[in-house]
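The values are calculated or read from the model by the stated rules, or taken from the named source; none is laboratory data. All figures in this text were calculated on a predicted structure; none of them were measured in a lab. Reconstructed Cβ throughout: ideal geometry from the backbone, glycine too, with neighbour counts over all protein chains shown.
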């Protein structure tokens with residue numbers, strides 16, 4: 001059996017397993033979703049969003065792209081944020097990067113990568129903002145890990161700048177925005193403890209949008 005056909009066999013086994021433990025599982029799944037979390041993560045195949053958090057389908061709304069970016073002109077990610085915050089009413093927005101990210105590693109080189117160039121420029125902009133700190137790190141692996149963290153931090157700031165997040169938080173007290181990093185070597189999540197309230201206050205000095 002080729003790998004493609006194997007996927008359908010795996011699906012049948014998964015369905016049988018779910019129904020064996022919970023006959024009403026798919027009835028509830030089809031009834032709708034009310035997740036508390038929006039997860040913006042990397043498209044890397046080694047980082048399955050709900051699994052690393054121990055959540056079931058329906059408990060986390062997910063957007064993934066190369067290097068977990070929140071690009072100002074990307075209608076895809078901003079549509080996801082709008083829908084999750086305004087219509088699903090998520091309580092938390094999580095931007096999650098991971099150590100060993102191929103997109104971050106590529107952005108640290110000077111190769112011409114074609115269509116990826118403008119996308120990776122977003123990460124290079126993060127490097128430019130924090131160049132003094134990053135250039136002071138001699139070990140290349142350690143520098144790459146720190147850039148992963150700083151990239152998550154900057155994407156969190158971009159999420160906080162959005163009108164829908166600002167207005168929802170002022171109106172309801174949520175969502176809060178969090179920055180995480182997943183470590184492929186041990187499977188653990190690291191909370192970067194992004195100071196959401198402090199960032200929001202500073203952002204509203206310039207990017208303030210009224211409710």
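For this structure, a couple of remarks:
- No other residue among 150, 184 is in a loop (DSSP other than H, G, I, E, B) and surrounded by 13 or more Cβ atoms within 10 Å (Cβ to Cβ) apart from 184.
Conditions tested, residue by residue: (1) assigned by TED's automatic domain parsing to the domain that holds residue 140; (2) exposed (fewer than 13 other Cβ atoms within 10 Å of the Cβ); (3) without any contact (Cβ under 8 Å) to a residue 24 or more places away in the chain.
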{"site": "64", "(1), (2), (3)": "yes, no, no"}
{"site": "72", "(1), (2), (3)": "yes, yes, no"}
{"site": "83", "(1), (2), (3)": "yes, no, yes"}
{"site": "86", "(1), (2), (3)": "yes, no, no"}
{"site": "90", "(1), (2), (3)": "yes, no, no"}
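- Only one entry of 143, 171, 128 meets the criterion of being surrounded by fewer than 21 Cβ atoms within 10 Å (Cβ to Cβ) and under 22 Å from residue 208 (Cβ atoms), and that entry is 171.
- Criterion (over 15 Å from the mean Cα position of the chain (by Cα) and touching a residue at least 12 places away in the same chain (Cβ under 8 Å)) met by exactly one of 131, 143: 143
Listed here are the residues, each with its yes/no results for (1) outside the structural domain of residue 88 (by TED's automatic domain parsing); (2) more than 24 Å from residue 101 (Cα to Cα); (3) without any contact (Cβ under 8 Å) to a residue 24 or more places away in the chain.
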position	(1), (2), (3)
126	no, no, no
139	no, no, yes
176	no, yes, no
188	no, no, yes
193	no, no, yes
202	no, yes, yes
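- Meets criteria (in contact (Cβ under 8 Å) with a residue 40 or more places away in the chain, outside any helix (DSSP H, G or I) and under 21 Å from residue 39 (Cα atoms)) for residue 164: no
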